[in-house]
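Read the structure below first, then the notes.
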Amino acid sequence: MNHETATSTAGEIADRVLVPAARQNDKEGRFSTEAIDALGRAGLLGLTLPAESGGSGLGPSTFAAVTARLAEADASVAMVYLMHVCAAATIAAARPGAAVAPTLKEIAAGRHLSTLAFSEAGSRSHFWAPVSRARRNGAGVRLSAKKSWVTSAGHAQSYVVSSLAPEGTGPTNSTLYLVPAGTRGLAVAGPWDGLGLRANASAPMTLDDCEVPSGLQLTDDGMGFQAMLGVVLPLFNLGTAAVALGLCRAAVTETAAHLKSARFEHLGQSLGESLPTLRAQLATMQIDTDGLSARVDDLVDHLERPRDTTTLRVLESKAAAGDVAISVTSAAMRACGGAAFSKHLNVERLFRDAHAGAVMAPTGDVLREFISRAILGMPLF
Ligand SMILES: Cc1cc2nc3c(=O)[nH]c(=O)nc-3n(C[C@H](O)[C@H](O)[C@H](O)COP(=O)(O)OP(=O)(O)OC[C@H]3O[C@@H](n4cnc5c(N)ncnc54)[C@H](O)[C@@H]3O)c2cc1C
C-alpha cells in the first residue's frame, strides 16, 4: 500500500460503508463494527505499523489524509481510527522484550482494534497524571483504575492503559500496559450518550485488580509519560486536526449543496443566487477550511522533518483545529438555517461532533496554557 492507494481505499470505504450509516448510527449511538471490519480488511488498521510487523509503514501524511477522509463521512469512525493508530504506535514502540509481536501481527492482519485508556475520573482531563497505581504481582502487576472515557470501549481487542508505576514518586511517573479485552476485572462501566461523536462508544471502563504479565508492560517503570508525549501526543494532535478538517470539508460541501438546492420560489432563485450574505459565509468557511488544511500539512512537515518548532506546532494544531471546526460548523448552521436546525441536513451532526475536539484532552485551554508557558520559558508541568 502507498499514500495514493491508502487514501483512495479510505475514500471508497467512506462512500460505501460510512456515509449510508452515519446518520442512523449517530441517532442510535451505535458503534460501527462494519466500518472497522472494512478498514481492517483493507489493511488500514496496520497503516502506520512498520513493515517488519506486517504493517504498511506509512507516515503522518497518509495517516492525516486517511483520517480526514473518514471524518468527512463520519467523524465517530475517524476518531475510533485515530485512537487505534495512536495505540498501535505505542504498542509498536514497546520496550525491548515486550511480548507484543502477536498483537502487532493481528493489527496488521486487520483483526485487532486497539485504543487508549488514559483519562481517569480522579484527574479528569489531566491524562498525564493518573491517580491509579499499579501493584507488584511477581514479575507483572495488578491494575485497578477508573477510566473515565475510553473510545471503542467494549469493542476494542486491547486497551493501552496508564497507571502510576508501583514505586513512582511523582504524579507523572506512570507506566503504560497493554490490557487485552477479556482480561478478568476489565469492564465497561456505563453507557456512552454524548452530545457529539455519539457513535464511537467513548464509555467509562473499570479495571478491578486486573492481572497484567510483565510481557505486556509497554514502557519501563515510570516512563509512560515520556511515551505519552513522544509517541502519542504528536499523532493524536495530528489526527484530531485531521478529524476537524474532515468535518469542515463536509460542512462546506453540505452548505454549498443546500444553497444550490433550496429555493425562494417567489423570487425564482436558489438561496445562494439570492443572498450575498450566505455566499460570504460560505466563502469564509472555505477560507478557514483551506487554512486548516495548510496547518495540517505544516504539522505533517514538522513531524517528518523534526526541528525546534515541532513541539509548538504539535500543541498549536489541535487547539487551532478545534476552534476552526467549531467556527466553520457554526457558520454552516447559520447559513443553512431552519433546515439545519430541524435536522433535515447532516450539518447539525457535524456541529455537535466538532465540539468534541475542544473537550478531548489535551483540551484547547490546556494547550493554550502549555503554549504560553513555552513562549515565556516556564516549565510545562
Ligand atoms: C468523545 C470523547 C472521546 C474520548 N476518548 C478518550 C479515550 O479514548 N481515552 C482517554 O483516555 N480519554 C478520552 N476522552 C477523555 C478526554 O480526553 C478528557 O479527559 C475529558 O474529555 C476531560 O473531561 P473533563 O471536562 O472532565 O475535564 P476537566 O479537567 O474537568 O476540564 C474542565 C474544563 O477545565 C479546563 N481545564 C482543565 N485543566 C486546565 C488547565 N490546566 N488550564 C486551563 N484550563 C483547564 C478544560 O479545558 C475544561 O474546559 C474522550 C473525550 C471525549 C469527549
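The values are calculated or read from the model by the stated rules, or taken from the named source; none is laboratory data. Given the structure is predicted, the values throughout are model-derived calculations rather than measurements. Glycine also receives a Cβ, built like all others from the backbone with ideal geometry; neighbour counts cover every protein chain displayed. Accessible surface areas use protein heavy atoms only, side chains included; no ligands, DNA or RNA. Shrake-Rupley method; radii C 1.70, N 1.55, O 1.52, S 1.80 Å.
One table, with the values for the structure above:
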quantity: Qualifying residue in region 73-95 (condition: away from the ligand (no atom under 15 Å from the Cβ) and more than 29 Å from S148 (Cβ to Cβ)); calculated: no
quantity: Single condition S274 does not satisfy, out of (1) touching a Phe, Trp or Tyr at 6+ places or on another chain (Cβ under 9 Å); (2) in contact (Cβ under 8 Å) with a residue 12 or more places away in the chain; calculated: (2)
quantity: Of all residues making up region 126-159, the number that are within 20 Å of V100 (Cβ to Cβ), within 15 Å of the ligand (Cβ to nearest atom) and not hydrophobic (A, V, I, L, M, F, W, C); calculated: 4
quantity: Residues within region 69-117 that are aliphatic (A, V, I, L, M) and touching an Asp or Glu at 6+ places or on another chain (Cβ under 6 Å), tallied; calculated: 1
quantity: Test: T329 is modelled with pLDDT of 95 or more, farther than 19 Å from R69 by Cα and polar (S, T, N, Q); calculated: no
quantity: Filtered residues of region 99-126 (kept if within 17 Å of the chain's Cα centre (by Cα), open to solvent by 20 Å² or more (accessible area, probe 1.4 Å) and either farther than 21 Å from F236 by Cα or of a type in the set (A, V, I, L, M) (or both)); calculated: none
quantity: L303 touching a residue at least 60 places away in the same chain (Cβ under 8 Å), part of a helix (DSSP H, G or I) and either of a type outside the set (A, V, I, L, M, F, W, C) or more than 16 Å from the ligand (Cβ to nearest atom) (or both); calculated: yes
quantity: Single residue of S132, S152 found to be in contact with a helix residue (DSSP H, G or I) (Cβ under 8 Å, 6 or more places away or on another chain) and either within 18 Å of A87 (Cα to Cα) or not acidic (D, E) (or both); calculated: S152
quantity: Total residues in region 261-299, condition part of a helix (DSSP H, G or I) and either among the polar types (S, T, N, Q) or touching a His at 6+ places or on another chain (Cβ under 6 Å) (or both); calculated: 8
quantity: Criterion: within 15 Å of the ligand (Cβ to nearest atom), more than 21 Å from T33 (Cα to Cα), at pLDDT 95 or above and out of contact with any strand residue (DSSP E or B) (no Cβ under 8 Å at 6 or more places or on another chain) - qualifying residue of S162, S174, S123; calculated: S123
quantity: Cβ-Cβ under 7 Å pairs, at least 6 apart or on other chains, region 190-205 side under 19 Å from I36 (Cα atoms) and among the aliphatic types (A, V, I, L, M), far side in a loop (DSSP other than H, G, I, E, B) and within 10 Å of the ligand (Cβ to nearest atom); calculated: A201/T151; A201/S152; A201/A153; A201/W192; A203/A153; A203/W192
quantity: Options T284, T277, T255, T240: the member that is farther than 30 Å from G168 by Cα, among the polar types (S, T, N, Q) and touching a Lys or Arg at 6+ places or on another chain (Cβ under 6 Å); calculated: T240
quantity: Strands (runs of 3 or more DSSP E) wholly inside region 140-236 that include at least 2 residues being crowded, with 17+ Cβ neighbours inside 10 Å; calculated: 140-150, 158-164, 174-180, 203-212
quantity: Scope region 5-16; condition buried (at least 21 other Cβ atoms within 10 Å of the Cβ) and either of a type outside the set (A, V, I, L, M) or without any contact (Cβ under 8 Å) to a residue 60 or more places away in the chain (or both); matching residues; calculated: I13
quantity: Filter result for R334 (at pLDDT 95 or above, basic (K, R) and within 15 Å of the ligand (Cβ to nearest atom)); calculated: no
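Every residue, every condition in (1) over 15 Å from V243 (Cα atoms); (2) more than 16 Å from the ligand (Cβ to nearest atom); (3) small (G, A, S); (4) surrounded by fewer than 21 Cβ atoms within 10 Å (Cβ to Cβ), yes or no:
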position	(1), (2), (3), (4)
E348	yes, yes, no, yes
M360	no, no, no, no
R368	yes, no, no, yes
A374	yes, no, yes, yes
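The rows are residues; the columns are (1) among the small types (G, A, S); (2) at negative phi.
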{"position": "P130", "(1), (2)": "no, yes"}
{"position": "G138", "(1), (2)": "yes, no"}
{"position": "E167", "(1), (2)": "no, yes"}
{"position": "T172", "(1), (2)": "no, yes"}
{"position": "G182", "(1), (2)": "yes, no"}
{"position": "A189", "(1), (2)": "yes, yes"}
{"position": "A199", "(1), (2)": "yes, yes"}
{"position": "A203", "(1), (2)": "yes, yes"}
{"position": "S214", "(1), (2)": "yes, yes"}
